[in-house]
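Just below is one structure, and these are the notes that go with it.
The values are calculated or read from the model by the stated rules, or taken from the named source; none is laboratory data. These figures come from a predicted structure and were not determined experimentally. Here Cβ is always computed from backbone atoms with ideal geometry, including for glycine, and neighbour counts include all displayed protein chains. We work out accessible area using only protein heavy atoms, side chains counted, and drop any ligands, DNA or RNA first. Shrake-Rupley method; radii C 1.70, N 1.55, O 1.52, S 1.80 Å.
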Amino acid sequence: MTTFAEPSQVVLNPGHGESFTAHMVSAEWTEETGWTSLALMPLADLTIHPGMIGLHYGQVAFEGLKAHRRTDGSMGVFRPYDHAARFRRSCARLAIPELPEDLFVGAIEQLIVADEGALSTDPSHSIYIRPIIFATDTSLMLRPSRTYRFLLMAFVAGGFFGEDIESVAVWVSHDYVRAFPGGTGDVKIAGNYAPSFLAQQAAEAAGCRQAVWLDAHERRYIEEMGGMNMFLVRGSGQDAEVITPQLTGTLLPGVTRRTVLALAERLGHTAKEERISLDQWRAECLSGSITEVFACGTAAVVTPVGQVRDRDGDWTIGDGTPGPVTRSLRQALVDLHHGELADPNGWMHTCG
Ligand SMILES: *Cc1c(COP(=O)(O)O)cnc(C)c1O
């Protein structure tokens, strides 16, 4: 048995996904009873049968979202209903019964009330919330399970706020693809991630932080970057356009992506979705038309990209350092999280 921190113990130096908080929330589903009510319990090891369907056939979906301590001391969770809706879509794709959105958000509220004490007052820290659902039938038949378990756990995440942000280099993956038409690229399921590890290792071996995914069919269009959505900035100053690859069914529709599109418009930019080929991306960077590139997601917030490594030659974006549009979008997002930017759409959900 592993032992866990007391609920009130503040995490001062969060690592990267290992500083779990003290509790988890659990619910179960059977055909007869539907969903049970939520139960808050200490985070502890599970006892599972070795022949559990979820373990063998990957009938597992998850989410990732964050709670932040706002400047006024209250806890706010970012867009939980949008994550709840995506979780339902992910479940539906794997023939898993959908978890009602009020149970999803209720579980978050219970966990944050129980464990918010683990979050220090350092504004760069947040609580990363991980809901997961998995198939629990004991059977090695290739069929959907008839029983499921939902668990919601969390860890304290360190951050970037206040630190000087650095640009990363990225590596274009030509041999491995992440998603394909008719597949599961537009949902957040466990099976999407293990197959990306080899490309991630190849990116790291090339001195890069992330792999850039191309479309599976033509290997021509840029789609995503690791587990993040990507953005390009065309032009500069107030006239700069903020562009992200269009959703084609093989991209994960990020909540951060949608938020950044809206924030770009609030900052006076034109925000657009386009299909962009690798060749066009390279040519527009070299001609100076594309001035900035960044990746975004719940975990990474907004991360600037300075260099691209490709088998047909490397290139630098702008002067290789974080650009002004990237910085202002990142700042707007961080301010929103901390209750320092108007929230007309009610994206921040107060907990506790
Ligand atoms: C989770 C994820 C994202 C980012 O989604 P957010 O909702 O912004 O956190 C982007 N791409 C992939 C492949 C992901 O799994």
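Relative to the dominant Cα principal axis of the chain, helix 278-287 is inclined by about 50°. Its Cα centre serving as origin, segment 168-337 has a Cβ charge dipole (Lys and Arg +1, Asp and Glu -1) of approximately 340 debye.
Of the residues 159, 323, 288, the one that moves most in a GNM of the chain with alpha-carbon contacts below 10 Å is 288.
For segment 3-157, the share of accessible area belonging to carbon and sulfur comes to 57 percent (1.4 Å probe, ligands and nucleic acids excluded).
Peptides 27-37, 215-225, 187-197 ranked from most to least packed, by the mean per-residue count of other Cβ atoms within 10 Å: 215-225, 187-197, 27-37. Quick check: the angle from helix 101-115's long axis to the longest principal axis of the chain, C-alpha only, nearest 10 degrees? Roughly 80 degrees, rounded to the nearest 10. Projecting the Cα atoms of 214, 337, 268 onto the charge dipole of segment 168-337 (Cβ charges, centred on the Cα centre) puts 337 farthest toward the positive pole.
Considering only beta bridges that DSSP places wholly inside segment 3-157, some 95 percent are antiparallel.
Shape call for segment 158-226 from the C-alpha gyration tensor, a ≥ b ≥ c root eigenvalues: rounded (a/c under 1.5), prolate (a/b greater than b/c) or oblate? Verdict is prolate for segment 158-226.
Take the Cα of residue 194, go 7 Å toward its beta carbon, and the backbone nitrogen atoms of segment 123-143 under 20 Å from that spot belong to 131-143. In segment 82-129, a dipole from Cβ-located charges (positive for Lys and Arg, negative for Asp and Glu) runs towards its positive end, and of 92, 121, 110 it is 92 whose Cα lies farthest in that direction. Given R0 = 25 Å, the distance between the Cβ atoms of residue 35 and residue 138 translates into a calculated FRET efficiency of 0.75. Counting every alpha-carbon pair across segment 168-337, the share separated by more than 18 Å comes to 57%. Amide H to amide H, with H built 1.01 Å from N, residue 292 comes under 5 Å of 233, counting only residues 5 or more places away or on other chains.
Rolling a 1.4 Å probe over the heavy atoms of the protein chains gives the chain an accessible area of 44 Å² per residue. I'd like the orientation of helix 255-266 relative to the chain: the angle between its Cα long axis and the longest Cα principal axis, in ° from 0 to 90, rounded to 10. Relative to the chain, helix 255-266 is tipped by roughly 50 degrees. Normalised by 2.2 N^0.38 Å, where N counts its residues, the alpha-carbon radius of gyration of segment 3-157 equals 1.07.
The peptide list 106-118, 71-83, put in order of mean Cβ contacts within 10 Å with the highest first, becomes 106-118, 71-83. When +1 charges are put on Lys and Arg Cβ atoms and -1 charges on Asp and Glu Cβ atoms, the dipole computed for the chain relative to its Cα centre reaches about 560 debye. Expressed as a whole percent, the accessible surface of segment 168-337 that belongs to carbon and sulfur atoms is 50, based on a 1.4 Å probe.
Of the residues 202, 187, 321, the one whose Cα sits farthest towards the positive end of the charge dipole of segment 168-337 is 187 (charges of +1 on Lys and Arg Cβ, -1 on Asp and Glu Cβ, taken about the Cα centre).
Once you order the gyration tensor axes a ≥ b ≥ c over the Cα atoms, which shape class does segment 109-172 get: rounded for a/c under 1.5, otherwise prolate or oblate by comparing a/b with b/c? It comes out oblate by the Cα gyration axes. Here residue 242 sits with roughly 0 square angstrom of accessible surface, probe radius 1.4 Å. With coordinates expressed along the principal axes, the C-alpha atoms belonging to the chain extend over 61, 50, 35 Å, beginning with the largest.
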